[in-house]
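One structure is given below, encoded as structure tokens.
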Ligand SMILES: C[S@@+](CC[C@H](N)C(=O)[O-])C[C@H]1O[C@@H](n2cnc3c(N)ncnc32)[C@H](O)[C@@H]1O
């Protein structure tokens with residue numbers, strides 16, 4: 001009687017009040033873990049046969065069922081263990097079994113056991129590992145939430161990222177050739193956003209634990225450039241100096257030609273004490289610039305970035321491509337697509353990642369919503385040698401996209417919008433006579449929407465190269481070439 005009560009409770013908790021007659025049918029068999037069957041498709045004959053294995057040996061489960069469905073296993077009186085088959089990888093990198101049940105840290109084709117809570121299994125036991133499962137290269141992989149796919153082979157991740165792009169496009173009937181991915185090396189990220197908290201003993205700096213606000217120390221991080229990792233003691237020092245007892249600092253550290261450019265948010269408001277202490281820290285750690293909640297508290301030398309022949313000093317925290325390698329791959333693809341154009345429009349231009357290298361061979365009009373970034377771009381252009389004319393325009397391209405008349409003089413357009421894509425601007429390009437487009441995207445879903453609109457309006461999607469600057473993450477980037485047909 002007691003056992004039945006547990007089963008009923010679990011059934012209710014799981015949101016699936018099952019067929020209790022089914023429970024009664026199997027009770028005489030002495031199957032103590034029977035209550036786990038409340039997650040199963042009751043009346044399913046294969047499910048029933050799997051339940052007859054008291055003690056739950058996997059071999060007793062029919063193969064077809066194990067491969068394609070979810071089964072229940074007995075394990076003690078309190079734990080509710082079930083067996084799942086991972087069918088695919090979700091966009092957040094979680095394995096997904098029928099249900100759907102999300103199982104972080106698993107791969108398609110794997111059989112796992114675990115206890116699902118609200119459709120998630122956080123600590124799965126891998127019963128049958130995938131051939132693509134590898135030992136995570138980073139010693140922090142288990143706890144740290146910085147990477148999602150360290151347990152997968154490079155070839156699996158590469159293939160998966162290309163398939164993410166292919167599937168997004170095929171949903172719109174597009175089937176272009178896809179090259180790549182061009183994947184950045186480990187320890188090549190030029191920027192990291194660390195979190196830091198004060199502790200009883202001092203401070204703790206690192207990344208957040210998976211699905212948590214707990215900070216994990218990451219001295220052996222395999223993602224960030226080694227120079228970025230040297231900032232961790234400084235980040236801790238910043239927390240000791242300036243974090244409130246319960247608050248958390250967010251510290252953005254960027255490699256620059258002048259050293260580590262550091263920008264802090266979430267600390268105490270600037271007071272006289274901090275105005276004195278922070279520049280001292282910048283000196284001690286030889287920082288070119290230290291910014292506090294947007295205010296520059298130390299500027300010792302320019303934290304410049306190089307875009308082609310130009311040196312640009314971006315505003316603190318401004319967008320930058322994630323790795324130098326990835327940036328070069330993007331620039332090469334954009335320059336190949338726009339080659340031969342005498343005038344190029346660079347839309348969502350940022351600080352000039354594309355505009356300035358392109359100005360070696362063409363006049364460029366750079367349009368961007370953030371005037372500070374454009375000012376940095378303009379100064380970089382003015383100080384560089386041998387570049388053609390670069391003009392800048394601050395403009396909200398979502399609300400007031402460039403119109404066909406304004407686009408008429410350009411032989412090519414580069415467009416690199418944020419994750420939302422560029423629906424309004426793409427609608428105007430589709431109406432224009434622009435002969436070719438280099439579309440850089442960090443979101444295959446919005447890209448596919450925009451690509452379908454261009455394709456339906458006379459552009460041919462000639463090809464795509466996938467660029468992976470975010471190794472071990474689910475993030476996917478690409479450059480696409482469109483040529484006007486009519
Ligand atoms: C993905 S970043 C690309 C920046 C630049 N192309 C690069 O590679 O460094 C997108 C840029 O779009 C800008 N942006 C975002 N929303 C915008 C809008 N509504 N209008 C114009 N620019 C916008 C951001 O400031 C950012 O610089």
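Rule-based calculations on the coordinates, nothing more; no lab input. Note that this is a predicted model, so its numbers are computed, not measured. Note that each Cβ is placed from the backbone with ideal geometry, even for glycine, and that neighbours are counted across all protein chains shown.
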Mind ranking 470-483, 310-323, 266-279, 211-224 by how tightly packed they are, going by the mean number of other C-beta atoms within 10 angstrom, highest first?
470-483, 310-323, 211-224, 266-279
What whole-number distance in Å separates the alpha-carbon centres of segment 398-440 and segment 111-186?
33
Protection proxy ranking of 177-186, 197-206 - average other beta-carbon atoms within 10 Å, highest first
177-186, 197-206
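Note the full-extension length gain between residue 332 and residue 295 as 0.36 nm times their separation in residues minus their Cα-Cα distance, in nm to one decimal.
Values: separation 37, 0.36 × 37 = 13.32 nm, distance 3.51 nm.
In short, 9.8 nm is gained.
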